[in-house]
Amino acid sequence: MKARLARRHKILLPLLGAGLLMAVGAVTAAAVLLSGGFEVAATRQHFLLTHRLLEAGLHFSIRTHARDIVAPELGNPQMVEQGMACYRQHCEQCHGAPGRASVPAAMGLLPVPASLVQTARDWPAEWLYYVTREGVRMTGMPAWEVRLSEQSLWDTVAFLKVLPELTPADYAARAAALQGQCPPRSDLPDMRPDVPGDVLLRQYGCHACHHIDGVTGPRSTTGPALSSWPRRSYIAGTLPNTPENLVRWIRDPKAVSPQTLMPDLGVAESHAMEMAAFLFSQR
Amino acid sequence: MAAAGLATRLATHAASLLALARLARAAPVVTCFLIAGCGTGGAPDSAVPGGSAQRGKLALQQRDCGVCHRIPGIRGARGDVGPSLHGYAQRVYVAGKFPHDAAHLVRWIRDAPALAPRTAMPAMGVSEQEARDMAAYLQGLR
């Protein structure tokens, strides 16, 4: 009897201790958070340990999630040139290039945008593709999958793989000789149709202004809340609320309501249709 | 029998979970008050000159605004023709078109088509005073 009790204590006490420790931790964390003692300023750097831990997390996460991706042949010079057009248009601003600084807005970012020369040398193409396509949360790296076609994504990776070999003079010469542009996604036939509406709403930043049921975001009241959408009678107080009209509104708000504060976000038609489908699936 | 018991237990758990969730939502506010000094920002001062929220409530009821809008505190105001006016004080814009201040809101209530010809909201034919009262009530909805 006594032995059994002792054995039970042997399990219970450490459990209790662990619980207590967790409770103390939670209370401390809450106190730090709510007291305002934690500084969110980007001028304060991470602890070295925090930085290393986050880096390790990034590394392992990418390794796991990019494991099923298979890169196509990337040596084609045409691909590299197309990729450079995309790099110049969308990447250089934050990541810089050989002999070129990033724009001022990107310099003070925390974490600082990676020098892709090194990343491109160290990482396999599949990883570069994965991060370019999906973005990295809380770093400022956006997901390009809704803005670049599959082809453009791989073109960009092909160029990244060449990037470490370029001197500033090479880069400038190639930039000057560039012919094509990075085609915007909406013009392309290989648009991935399987990006769900709620992801698209987030990828176009709709939740910056609208509270949207089913989308986690700030409690913004800049635009009206998009809740119980099918119950609505009108879009923008003007158009009868049908999916077709909603697509029209999303793609060109000013044509529907000239005074509206809602901007034209350059939403591709198939994307607007997915968004409308999502909003109409609300209850 | 056991199934019924389980269902009741689940229901009770769900209820307490809901209560917890509500508490959790209120917690930051409560804590803020406790710790003090963490202003929540919130809407700018939204007092409508000469408006009375009390009279506004009555006016909103009498003018049947609830036929088209959901309005907290107004009996039977469950319309879905126009947008819900829930938490109106927090809105940044009037009708998504104009800065949310007393002047714009009052003008919008009185004659919306004069401001935005394509709007489905009709000119309500309410007096300046009534509109001010209504605006005062709406700007009290947090």
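Throughout, read-outs are computed from the coordinates displayed, never taken from laboratory work. Bear in mind that the values here come from a model prediction, so they are computed numbers and not experimental data. Using ideal geometry, Cβ is built from the backbone for each residue, glycine included, and neighbour counts are taken over all protein chains shown.
Go through the stretch A:66-137 and name the GluC sites (Glu not before Pro) that are in a DSSP coil and have 10 or fewer other Cβ atoms within 10 Å of their Cβ.
Qualifying residues, ordered by number: A:Glu73.
Charges only on Cβ, +1 for Lys and Arg, -1 for Asp and Glu: so what's the dipole of the stretch A:72-231 about the Cα centre, in debye to the nearest 20?
Dipole of the stretch A:72-231, to the nearest 20 debye: 540 debye.
Just to verify a number: FRET efficiency for A:Phe47 and A:Val215, C-beta to C-beta distance, R0 = 30 Å, to 0.05?
Taking R0 as 30 Å, the efficiency between A:Phe47 and A:Val215 is 0.40.
In a GNM of chain A with a 10 Å cut-off on Cα contacts, which of A:Gln118, A:Gln259, A:Gln45 has the highest mean-square fluctuation?
Greatest mean-square fluctuation among the candidates belongs to A:Gln259.
What size of dipole, in debye to the nearest 20, comes out for the protein assembly as shown about its Cα centre when the only charges are +1 on Lys and Arg C-beta atoms and -1 on Asp and Glu C-beta atoms?
Value, rounded to 20: 2220 debye.
With point charges of +1 on the Cβ of Lys and Arg and -1 on the Cβ of Asp and Glu, referenced to the Cα centre of the protein assembly as shown, which listed residue (A:Ala177, A:Val40, B:Leu85) lies farthest in the positive direction of the dipole?
Ranked along the dipole, the leading option is B:Leu85.
Among all the aspartates and glutamates, which ones have a C-alpha under 14 Å from A:Lys161's C-alpha, if same-chain residues fewer than 8 places away are not counted?
Output for A:Lys161: A:Glu73, A:Glu81, A:Asp122, A:Glu126.
In terms of modelled amide H atoms, which long-range or inter-chain residues lie less than 5 Å from the amide H of A:Ile212?
Counting only residues 5 or more places away or on other chains, the set is A:Leu226.
Any idea what the relative contact order of chain A is, in percent, if you count C-alpha pairs under 8 Å spaced at least 6 apart?
14 percent
Assign one of three labels to the stretch A:187-283, namely rounded, prolate or oblate, based on the Cα gyration tensor with a ≥ b ≥ c the square roots of its eigenvalues; rounded applies when a/c is under 1.5, prolate when it is not and a/b is larger than b/c, and oblate otherwise.
rounded
Looking at the square roots a ≥ b ≥ c of the eigenvalues of the Cα gyration tensor of the stretch B:42-100, which shape do they give, rounded for a/c under 1.5, prolate if a/b is larger than b/c, or oblate?
Taking the square roots of the gyration eigenvalues as a ≥ b ≥ c, the stretch B:42-100 is oblate.
Let's test the formula: R0 of 51 Å, r as the Cβ-Cβ distance of A:Ser233 and A:Arg7. What FRET efficiency results, to the nearest 0.05?
Efficiency, from the Cβ-Cβ distance: 0.15.
Given labels modelled 7 Å from the Cα in the Cβ direction, how far is it in nm from A:Ala26 to A:Gln181?
5.5 nm
Classify the stretch A:105-250 as rounded, prolate or oblate from the Cα gyration tensor: take a ≥ b ≥ c as the square roots of its eigenvalues, call it rounded if a/c is under 1.5, otherwise prolate when a/b beats b/c and oblate if not.
Cα axes put the stretch A:105-250 in the prolate bin.
Using only Cα positions of chain A, each an equal point scatterer, no hydration layer, compute I(q)/I(0) via Debye at q = 0.07, 0.14 Å⁻¹ and quote the log10 values to two decimals.
-0.40, -1.15
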